[in-house]
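Structure first, commentary second.
The values are calculated or read from the model by the stated rules, or taken from the named source; none is laboratory data. Model, not experiment: these values are computed from the prediction. With ideal geometry, Cβ positions are generated from the backbone for all residues, glycine too; neighbour counts draw on all protein chains shown.
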Amino acid sequence: MIERMDLFRTLAERRNDEIVVMTMSATLQWPLVSSHPLDFDFLAFGMGHASDFGLGLALARPERKTIVLKGDGGLLMSLGSLVTLGRYGPGNLLVLLLENRSYEIVGGHELPPGADFAGLARAAGIEGGGSTGTGKVERIETLDAFTAALPRLLSEDGPHFVVLPVANHEPLPAVAHTDHATRVENLRRGLGVSDG
Amino acid sequence: MTTDTQRRDEGASAAKTLRSIKALEFTHVLAIPDSESRLLFEAVDADADLDLIVPCREGESVAIASGLWLGGAKPLLLIQNTGLMEAGDAIRGCGIGPRIPLRLVVGWRGYASAAAGKVPLDSAYPYTEPLLEAWGIPFWHLMGDDDLGVLEQMDRAASERSFPAAVITGFGYRP
């Protein structure tokens with residue numbers, strides 16, 4: 001089990017010019033360790049669709065990695081997206097599935113306990129798949145192992161789907177939505193994309 | 001209900017529709033096959049200049065399209081009205097709320113049989129236009145080749161308002 005804030009601190013220290021898309025609880029804690037023009041808060045953009053959105057971004061911006069921080073509850077809302085990743089996921093997409101087995105942001109209600117998310121991802125064709133044929137599915141259970149794997153995850157071709165069992169013992173900041181359109185404008189500005 | 005606008009044209013040519021789509025410089029088409037759009041889907045799939053993405057459900061399509069657009073691409077969504085209904089939360093969150101100019105071509109399942117006076121009505125039929133109206137999404141009808149210019153109107157409206165816009169097709173495509 002990995003403390004989520006330790007994971008975020010480790011990722012923030014190693015991250016360079018990658019896009020980071022976050023949703024749900026991650027939107028509350030990632031900003032405590034990162035303030036980057038390529039951070040994108042997906043909260044309230046579409047339930048369960050953060051990695052779908054990340055897939056689109058990664059396809060449009062092949063010159064850099066897109067990292068998605070999403071939870072297992074969100075994944076259950078769009079399980080079919082695993083199959084889509086298995087077919088179209090590009091080499092520059094890294095999905096970090098924060099497995100806390102709960103709908104944490106709304107009160108911690110339990111998820112179905114038996115789901116094997118790495119197994120689902122493999123069965124969906126991500127392992128050895130994606131548009132590159134080099135997709136990888138991993139389950140990383142300790143911070144040390146994540147720290148060791150991170151340089152590889154940020155540099156080698158994926159797509160990568162990494163399941164990370166996490167816990168959180170630090171206070172969650174209150175939800176504070178910013179304007180959706182402003183988030184969009186900021187990311188497009190950060191990417192140097194013009195109107196269209 | 002839209003009986004006053006119903007027409008009995010035979011649908012647009014898939015080849016001509018594809019030419020119109022390419023003229024508007026779309027980069028990606030997101031689509032899940034359905035009975036009415038089959039020929040256009042196949043035409044897009046066979047075209048080397050357009051990247052076709054076939055997700056599992058329409059909410060995915062919308063979220064992928066919004067990510068593509070944020071990254072600087074220009075995606076087009078081919079979506080049946082049933083999928084439009086499934087994708088409601090994604091259209092709200094990835095289009096309407098953030099004012100992302102999603103371009104949609106919506107297949108109007110139930111229109112052709114309703115236009116022919118067949119009963120019972122497909123339950124997908126009566127909600128298509130009211131749903132778009134409720135969301136404030138402007139739309140145009142593409143019922144035959146003479147209407148192909150509405151694709152450009154839809155594209156321009158999406159761009160000018162930075163907001164989703166749609167074309168509705170009432171019939172299946174012809175070759």
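Checking each residue in region A:96-110 for being of a type outside the set (Asp, Glu) and crowded, with 18+ Cβ neighbours inside 10 Å picks out A:Leu96, A:Leu97, A:Leu98, A:Asn100, A:Arg101, A:Tyr103, A:Ile105.
May I ask you to list the residues in region A:167-196 that are more than 8 Å from chain B (Cβ to nearest Cβ), surrounded by 10 or more Cβ atoms within 10 Å (Cβ to Cβ) and among the hydrophobic types (A, V, I, L, M, F, W, C)? Those that are more than 8 Å from chain B (Cβ to nearest Cβ), surrounded by 10 or more Cβ atoms within 10 Å (Cβ to Cβ) and among the hydrophobic types (A, V, I, L, M, F, W, C): A:Ala167, A:Leu172, A:Val175, A:Ala176.
Out of the residues in region B:43-61 meeting the condition of being part of a helix (DSSP H, G or I) and at the interface with chain A (Cβ under 7 Å from one of its Cβ atoms), tell me which one is surrounded by the fewest Cβ atoms within 10 Å (Cβ to Cβ). Show your work before the answer.
Taking region B:43-61 as the starting set, the residues that turn out to be part of a helix (DSSP H, G or I) are B:43-46, B:58-61.
Adding the requirement that they be at the interface with chain A (Cβ under 7 Å from one of its Cβ atoms) leaves B:59-60.
On the way: B:Gly59: 27, B:Glu60: 31.
Applying the filter and picking the extreme gives B:Gly59.
One residue stands out among those in region B:81-107 that are touching a Leu at 6+ places or on another chain (Cβ under 7 Å) and in a strand (DSSP E or B): the one that is nearest to the other protein chains (Cβ to nearest Cβ), which is B:Arg103. Apart from one condition, A:Gly54 fits all of (1) farther than 16 Å from A:Leu98 by Cβ; (2) within 7 Å of chain B (Cβ to nearest Cβ); the exception is (1).
Looking only at region A:93-100, decide whether some residue is aliphatic (A, V, I, L, M), out of contact with any strand residue (DSSP E or B) (no Cβ under 7 Å at 6 or more places or on another chain) and modelled with pLDDT of 95 or more.
First pass over region A:93-100, keeping only residues aliphatic (A, V, I, L, M): A:93-98.
If we keep only those that are out of contact with any strand residue (DSSP E or B) (no Cβ under 7 Å at 6 or more places or on another chain) too, we end up with none.
Looking through region A:93-100, none of the residues is aliphatic (A, V, I, L, M), out of contact with any strand residue (DSSP E or B) (no Cβ under 7 Å at 6 or more places or on another chain) and modelled with pLDDT of 95 or more.
Which residue out of A:Gly107, A:Gly125, A:Gly119, A:Gly130 is at positive phi and either among the charged types (D, E, K, R) or touching a strand residue (DSSP E or B) at 6+ places or on another chain (Cβ under 9 Å) (or both)? Can you show your working first?
On the way: A:Gly107 fails: either among the charged types (D, E, K, R) or touching a strand residue (DSSP E or B) at 6+ places or on another chain (Cβ under 9 Å) (or both); A:Gly125 fails: either among the charged types (D, E, K, R) or touching a strand residue (DSSP E or B) at 6+ places or on another chain (Cβ under 9 Å) (or both); A:Gly119 fails: at positive phi.
Of A:Gly107, A:Gly125, A:Gly119, A:Gly130, the one residue that is at positive phi and either among the charged types (D, E, K, R) or touching a strand residue (DSSP E or B) at 6+ places or on another chain (Cβ under 9 Å) (or both) is A:Gly130.
The residue list B:Leu40, B:Leu78, B:Leu68 contains one member that is at pLDDT 95 or above, part of a helix (DSSP H, G or I) and touching a strand residue (DSSP E or B) at 6+ places or on another chain (Cβ under 6 Å), which is B:Leu68.
If you filter region A:72-95 down to residues that are touching an Asp or Glu at 6+ places or on another chain (Cβ under 7 Å) and closer than 25 Å to A:Gly190 by Cβ, you find that the one that is farthest from the other protein chains (Cβ to nearest Cβ) is A:Gly91.
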